[in-house]
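In what follows, a structure is listed as structure tokens, so that the remarks can point back to it.
The values are calculated or read from the model by the stated rules, or taken from the named source; none is laboratory data. Remember, it's a predicted structure, so these values are computed and weren't measured experimentally. Heads up, the Cβs are rebuilt from the backbone with ideal geometry, glycines too, and the neighbour counts pull from every protein chain shown. With ligands, DNA and RNA removed, areas are computed over all heavy atoms of the protein, side chains included. Shrake-Rupley method; radii C 1.70, N 1.55, O 1.52, S 1.80 Å.
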Amino acid sequence: GAPHVLGPQKGADAAAVARLDAGLAHFARVVELAVGVDISAVPGAGAAGGAAGGILALLGGALTAGAPLVLDAAGLDDQLAGAELCITGEGRLDAQSMSGKAVSAVAQAAQAANVPCVAVCGSLELLPGMVRRMGLAAAFPINRRLASEPDALVATETNLAAMGAALAGLWVRAHGARSDGAYGD
């Protein structure tokens, strides 16, 4: 089922989703025949193209939610202590982003720390109310002009730099210029 959820988000059309789903089902059958573990019944086993299920069944691994694990390893709670703003990002901010992805976990952690959090993204598909329900103060798409996805990907670095400058300008405007120059160009 993972391709039906994540495939379209990654650019797969209906035919590709069907092929991906059939491939994962075949992989699950092969794994079950080889080691007797039915990974098709394990929620999350299809993550990372089925690698999660393979690691679970073939290597004896365990599945755990990735976002909390990564945020803990990064020390996010310590980083939020005393912070005035948290900026996070996502390639495509959509309904899937609200279901355990890192951007949602970061927003929730920032909200718990009483730190406003904004997201920058390649594509914004959520309405403002949904953005706020995620725990974000706001979300901003980085693309500065209408472009095809391949062209937008090529311009990502430039667009991120421009978005960073725009957010910094907004922050300086809201908080005033500091005499120590910390909020410079």
For this session: Restrict the check to the range 37-47 and report whether at least one residue is touching a Leu at 6+ places or on another chain (Cβ under 9 Å), open to solvent by less than 40 Å² (accessible area, probe 1.4 Å) and within 30 Å of H175 (Cβ to Cβ).
Result: no
For this session: Answer with yes or no whether L146 is in a loop (DSSP other than H, G, I, E, B), closer than 22 Å to G164 by Cβ and within 14 Å of the chain's Cα centre (by Cα).
Result: no
Exercise. Could you say whether any residue in the range 6-18 is within 19 Å of the chain's Cα centre (by Cα), exposed (fewer than 15 other Cβ atoms within 10 Å of the Cβ) and not in a helix (DSSP H, G or I)?
Worked result: yes
Problem set entry | Output for the range 142-161, where each listed residue is open to solvent by 20 Å² or more (accessible area, probe 1.4 Å) and either touching an Asp or Glu at 6+ places or on another chain (Cβ under 9 Å) or not hydrophobic (A, V, I, L, M, F, W, C) (or both) | N143, R144, R145, S148, E149, P150, D151, T156, E157, T158
Exercise. Is it fair to say G61 is open to solvent by less than 80 Å² (accessible area, probe 1.4 Å) and on the phi > 0 side of the Ramachandran plot?
Worked result: no
Problem set entry | Cβ-Cβ under 6 Å pairs, at least 6 apart or on other chains, the range 48-59 side under 19 Å from V5 (Cα atoms), far side surrounded by fewer than 14 Cβ atoms within 10 Å (Cβ to Cβ) | none
Problem set entry | Failed criterion for L93 (all others in (1) within 30 Å of A41 (Cα to Cα); (2) surrounded by 18 or more Cβ atoms within 10 Å (Cβ to Cβ); (3) at pLDDT below 90 hold) | (3)
Exercise. Any residue in the range 129-141 that is at pLDDT 90 or above, open to solvent by 40 Å² or more (accessible area, probe 1.4 Å) and over 22 Å from L76 (Cβ atoms)?
Worked result: yes
